[in-house]
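The values are calculated or read from the model by the stated rules, or taken from the named source; none is laboratory data. Being a predicted model, the structure only gives us computed values, none of them experimental. Side chains included, ligands, DNA and RNA excluded: accessible areas come from the protein's heavy atoms. Shrake-Rupley method; radii C 1.70, N 1.55, O 1.52, S 1.80 Å.
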Amino acid sequence: MIFFKGMAMGAADVVPGVSGGTIAFITGIYDELIDSIKAFDLQAAQLLLQADWRRLWQHVNGSFLLTLLAGIVTSVLSLARVITYALEHQPVLIAAFFFGLILASALFILRQVERWNPGRALLLLAGISLGTAISVLRPNELPLEWYWVFLSGALAICAMILPGISGSFILLMLGMYGPVLGAIKSLQLPVLLVFAAGCGVGLLLFVRLLSWCLHHYRHALLSFLTGVLFGSLAIIWPWKLTAVGSVPTAADSALTQHSVWPWQYAQVADSQLLVAGVCVSFGLVLVLLLERGMKN
């Protein structure tokens, strides 16, 4: 089951605007994932230096992380290609499915929040504002200097483990998506190593803050993350057009598109409103089934 949850996380990360952290949360492994990553600490370093492999493996929850990582990698190498193909040929329907998935996830997390008060309501509104702001911000191209590459990696990986925020979308917003993707294609090892170092440092530092919040201010954090999920719905809205009013193609950046109503989209192309509604409903039902499976 952990392997298949990893596959779902990998598939979600392929879709612009969808976070693997969202899938981790609704499948019930988010807390364990955060705590397992947090376990890469000084004690883990000591066990590594002592070559105490068995205790090190248990300390970092190695079986869980390896199984989850295997599922993510398998998805990226196989299932993700199917999703990428579907995004190119049926973008409205795929976006509609993930829209339903995220909407149901937000409602699911909202129900986990206990004892609502003005502070948590404000955090919910702050999360909605952040998610919406990310969807409308446009990139400011950063120079390909090592410190910006490092910082971009740190910010992207932090966003990736937060439900509702896509790491790839953060890179797009920073104007670093193209340079990083180009470095991967041309195997520019210095750039990739600096980016990977930023990801590693950002993950190990941020996950400690996230874990502390989960254990000490869980409901306040859930209020904020619920808002982020609601706000991120603007990113994955199925009906989008380019600045010139045409249907986006694979060559068009997600940041050059803007959301429109289905009837406005229908003036340019088939809005597929009925089938899209079915896809949204399928996403909602899928989360409901996952929730019932978790309880059982």
Just the number: Rg to Rh for the range 191-292, Cα atoms, Kirkwood Rh, two decimals. 1.10
Excluding ligands and nucleic acids, what accessible area in Å² is computed for D270 using a 1.4 Å probe, to the nearest 10? 110
Rolling a 1.4 Å sphere over the protein heavy atoms, what is the accessible area per residue of the chain, to the nearest Å²? 51
In the chain, helical segments from DSSP H whose Cα atoms cover 15 Å or more along their own axis and that average at least -1.0 on the Kyte-Doolittle scale are 2-14, 62-77, 79-89, 91-110, 118-136, 146-161, 189-216, 218-232, 273-295
When only alpha-carbon atoms count, how far does the chain stretch along each of its three principal axes, as whole angstroms with the largest first? 67, 49, 38
Taking only DSSP H segments of four or more residues, each worth -39500 (n - 2.57), what value at 222 nm results for the chain once the sum is divided by all its residues, to the nearest 500 deg cm²/dmol? -23000 deg cm²/dmol
